[in-house]
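Reading through the structure tokens given below for one structure.
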Amino acid sequence: MSAPAVAVATAAPDGAAALDVRGLVKSYGRRPALRGVDVTVYAGELVGLLGPNGAGKSTLVKTVCGLVRPGAGSVRVFGARAGSRDARGRLGYLAELFRYPSWSTADELLALHQRLAGSEGGVAERRRLLELVGLADAMRVRVEAMSKGMQQRLGLAQALIGSPDLLLLDEPTSALDPAGRRLVREVLATLRDQGVAVLLNSHLLSEVELICDRVVIVSQGSVVSAGTPAELSHALGVRIETDTGSRVVEDARREDIPGLVAQLVADGQRVYAVEPLRSTLEEAYLEAVRGAPPS
């Protein structure tokens with residue numbers, strides 16, 4: 001049984017969709033992977049794709065790339081059918097599990113992908129992208145001599161060859177340390193400011209909450225929740241710290257704070273801090289996934 005449709009009141013950004021997925025269905029034999037999925041990503045928007053293992057996230061991304069053929073529904077990249085020459089020419093892709101030739105240097109690898117992508121950026125583009133991902137000094141370093149984190153940043157550089165308008169990233173920060181994850185967040189923020197559309201598939205909910213404009217949660221092949229991180233969260237009360245200690249007023253909301261503080265002061269208490277509490281994206285994610293109907 002598929003999940004019920006999810007209605008979200010988020011206003012769409014101006015302009016045509018960079019990615020428009022409608023009623024996407026895909027099965028592997030008798031096992032359904034996607035059950036009528038709808039996803040839209042606009043230019044200059046960063047959308048996080050969340051879900052447990054086996055939810056259908058990677059199948060969705062590979063379908064957008066044209067690597068997997070849909071069973072039903074439509075997938076359009078700037079209006080072009082996914083997998084067509086026009087669609088492939090507008091997107092960049094970093095797979096979750098990538099394998100680069102161990103003997104190639106960073107410069108050789110990017111040069112190869114430039115030829116595959118038809119990019120005429122030459123050495124200037126390769127140097128710019130390596131600098132962007134913090135590998136400016138690694139042009140002559142072979143893949144086999146790189147750490148997993150360096151290889152992942154190199155993968156991001158290759159995904160950016162040819163200045164794609166839509167970027168598909170499958171677990172791009174899984175092997176990175178905190179400094180590397182911050183660098184990737186900064187790169188993605190810059191790309192968004194330049195009008196690039198990004199679909200980010202990740203298990204790192206804290207990263208998604210920090211950088212994404214909207215979130216789509218998939219479970220058992222269906223979209224079970226969608227919206228901005230703020231829309232997906234809900235109030236958990238207000239924490240108040242006074243000279244008598246700290247406590248949480250669970251049923252209070254942000255608009256109740258002035259009255260709470262006024263009452264405490266009238267009662268002779270000193271108020272040192274007031275904090276409205278909201279659920280995290282992780283809590284919203286777990287609630288959405290647990291509430292998904294069985295297959």
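The values are calculated or read from the model by the stated rules, or taken from the named source; none is laboratory data. Please read all numbers here as calculations on a predicted model, not as lab measurements. Here the Cβ positions follow ideal geometry from the backbone for every residue, glycine too, while neighbour counts run over all protein chains shown.
Considering the stretch 79-102, the residues that are among the hydrophobic types (A, V, I, L, M, F, W, C) and over 19 Å from the mean Cα position of the chain (by Cα) include one that is farthest from Gly149 (Cα to Cα), namely Ala80.
Quick one: is Leu154 surrounded by 22 or more Cβ atoms within 10 Å (Cβ to Cβ) and not assigned by TED's automatic domain parsing to the domain that holds Pro32?
Working: surrounded by 22 or more Cβ atoms within 10 Å (Cβ to Cβ): yes; not assigned by TED's automatic domain parsing to the domain that holds Pro32: yes.
When the stated conditions are applied, Leu154 passes them.
Could you go through the stretch 153-170 and let me know if any residue there is touching a helix residue (DSSP H, G or I) at 6+ places or on another chain (Cβ under 9 Å) and over 29 Å from Thr59 (Cβ atoms). Among the residues of the stretch 153-170, not one is touching a helix residue (DSSP H, G or I) at 6+ places or on another chain (Cβ under 9 Å) and over 29 Å from Thr59 (Cβ atoms), which makes the answer no. In the stretch 157-185, of all residues being farther than 26 Å from Pro52 by Cα and of a type in the set (S, T, N, Q), the one that is surrounded by the fewest Cβ atoms within 10 Å (Cβ to Cβ) corresponds to Ser163.
Counting only strands (runs of 3 or more DSSP E) that fall entirely inside the stretch 183-295 and contain at least 3 residues that are more than 13 Å from the chain's Cα centre (by Cα) and outside the structural domain of Val25 (by TED's automatic domain parsing), the qualifying elements are 235-242, 245-249, 271-278.
Restricting attention to the stretch 151-182, the residues that are within 12 Å of the chain's Cα centre (by Cα), part of a loop (DSSP other than H, G, I, E, B) and charged (D, E, K, R) total 1.
When Leu210, Leu205, Leu236 are checked against the criterion of being surrounded by fewer than 18 Cβ atoms within 10 Å (Cβ to Cβ), farther than 30 Å from Arg115 by Cβ and either touching an Asp or Glu at 6+ places or on another chain (Cβ under 8 Å) or at pLDDT 90 or above (or both), a single residue qualifies: Leu236. Residues that are touching a strand residue (DSSP E or B) at 6+ places or on another chain (Cβ under 6 Å) and of a type in the set (A, V, I, L, M, F, W, C) within the stretch 157-179 comprise Ala159, Leu160, Leu166, Leu167, Leu168, Leu169, listed in sequence order. Selection of the stretch 88-108 for residues being in a helix (DSSP H, G or I) and modelled with pLDDT under 95 yields only Arg88. Taken over the stretch 222-279, the criterion of being at positive phi and touching a strand residue (DSSP E or B) at 6+ places or on another chain (Cβ under 7 Å) is satisfied by Gly227, Gly237.
The set of residues from the stretch 104-140 being crowded, with 16+ Cβ neighbours inside 10 Å, without any contact (Cβ under 8 Å) to a residue 40 or more places away in the chain and among the aliphatic types (A, V, I, L, M) comprises Ala111, Leu129, Leu130, Leu135, Ala138, Met139.
Filtering the stretch 35-80 to residues that are among the charged types (D, E, K, R) and touching a helix residue (DSSP H, G or I) at 6+ places or on another chain (Cβ under 6 Å) leaves nothing. Only residues that are over 25 Å from Ala230 (Cα atoms) and part of a loop (DSSP other than H, G, I, E, B) were counted across the stretch 18-68, and they come to 6.
Given the residues Ala252, Ala230, which is the only one that is touching a Gly at 6+ places or on another chain (Cβ under 7 Å), modelled with pLDDT under 90 and more than 25 Å from Cys65 (Cβ to Cβ)?
On the way: Ala230 fails: touching a Gly at 6+ places or on another chain (Cβ under 7 Å).
After ruling out the rest, the residue left standing is Ala252.
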